[in-house]
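*Asks:* Handing you a structure now.
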Amino acid sequence: PVVHAEKKILSSEPGPVDSGRTASISLRYEYPQILSGTPVPLADSLRRMITLLVFSTLEAEGTDTIGFNGMAGELLAQYGGLREEFSDYATPWELTRKMAILSDSCGIVSLQFDESSDLGGAHGMETSTLLTFEAEGGRLLHAEDLFLPGSGEVLAAALEKEFRRVRQIADGVSLS
């Protein structure tokens, strides 16, 4: 392994919205803190991606970062706004962001970013993002860097065949 990191965890307890009631908001971040000893170009790339994904706002699609306290303040303000509009609103909110080093071998470093949120809507939402970097230079790799030309079509055909088998959908029947 070329990455030297330790897990960092930031979490909050529910915070007050007003003096009479409490917002039930839970905020938790887990991410690798890149330590010295990791090659500089890779460490820079990993830190940049961790910051971008873990500390981004919910509104700006990951282009603005506000940090843990900024996110807590943003969520409390949004929750408070709902409480002003709907005085009986008491739905608990939760946001969890986790990033981990998935793999560090053969000159490739892969990260997995998971986000789970339930912010008062009809249902919660979970997403997972995988990112792969070249260990030597820290370059973010894309599918065309990792797979041979034409392998996407082969993989898609195999996945469709398995999907049809599991769901018992005959060949020729539209998947839409």
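*Asks:* I'd like the carbon and sulfur percentage of the solvent accessible area for the stretch 88-152, probe radius 1.4 Å, heavy atoms only, ligands and nucleic acids excluded.
*Replies:* Details: 2160 of 3900 Å².
Answer for the stretch 88-152: carbon and sulfur cover 55 percent of the accessible area.
*Asks:* Under 10 Å, Cα contacts only: if you run a Gaussian network model on the chain, which one of E153, E144, E59 comes out with the highest mean-square fluctuation?
*Replies:* Checking each option, the largest mean-square fluctuation is seen for E153.
*Asks:* To one decimal place, what orientation-averaged projected area in nm² is obtained for the convex hull of the Cα set of the stretch 9-156?
*Replies:* Values: hull surface 45.0 nm².
It is 11.2 nm².
*Asks:* Would you look at the GNM of the chain, springs on alpha carbons closer than 10 Å, and say which of E84, E126, E160 moves the most?
*Replies:* Most flexible of the set in this elastic network: E160.
*Asks:* Go ahead and estimate [θ] at 222 nm for the chain from helices alone: -39,500 (n - 2.57) per DSSP H run with n ≥ 4, summed, over the residue count, rounded to 500. Please report the intermediate quantities before stating the final value.
*Replies:* Details: 4 runs with 55 residues, N = 176.
Result for the chain: -10000 deg cm²/dmol, rounded to the nearest 500.
*Asks:* Using a Förster distance of 22 angstrom, determine the FRET efficiency expected from the C-beta separation of S103 and V154, and round it to 0.05.
*Replies:* It comes to 0.45.
*Asks:* Let me ask something additional. List every residue whose amide H lies under 5 Å from the amide H of R139, counting only residues 5 or more places away in sequence or on a different chain, with H placed 1.01 Å from N in the peptide plane.
*Replies:* E134
*Asks:* Set Lys and Arg Cβ to +1 and Asp and Glu Cβ to -1, take the dipole of the chain about its Cα centre, and tell me which of L159, S24, A90 lies farthest positive.
*Replies:* L159
*Asks:* Taking springs between alpha-carbon atoms closer than 10 angstrom, which of L58, L75, L42 fluctuates most in the Gaussian network model of the chain?
*Replies:* Ranking L58, L75, L42 by mean-square fluctuation puts L58 first.
*Asks:* Further question on the same structure: Ignoring ligands, DNA and RNA, what accessible area per residue does the chain give at 1.4 Å, in Å²?
*Replies:* Value returned for the chain: 63 Å² of accessible area per residue.
*Asks:* Quick one: dipole size for the chain, taken about the Cα centre, charges +1 on Lys/Arg Cβ and -1 on Asp/Glu Cβ, in debye to the nearest 20. Show your work: numbers first, answer last.
*Replies:* On the way: 14 positive and 26 negative charges, 79 e Å.
Dipole magnitude for the chain comes out near 380 debye.
*Asks:* Counting only DSSP beta bridges with both residues in the chain, what percent are antiparallel, rounded to the nearest 5?
*Replies:* On the way: 32 of 39 bridges.
Roughly 80 percent of the DSSP beta bridges within the chain come out antiparallel.
*Asks:* Sticking with this one: Which residues' amide hydrogens lie under 5 Å from the amide hydrogen of H4, considering only partners 5 or more residues apart or on another chain, with H built in the peptide plane?
*Replies:* Residues meeting the amide H criterion: L35, T38.
The values are calculated or read from the model by the stated rules, or taken from the named source; none is laboratory data. Predicted, not measured: the structure shown is a model, and the values here were computed from it. We place every Cβ from the backbone using ideal geometry, glycine too, and count neighbours over all the protein chains shown. The protein model used for the area step is the full one, side chains on, heavy atoms only, and it has no ligands, DNA or RNA in it. Shrake-Rupley method; radii C 1.70, N 1.55, O 1.52, S 1.80 Å.
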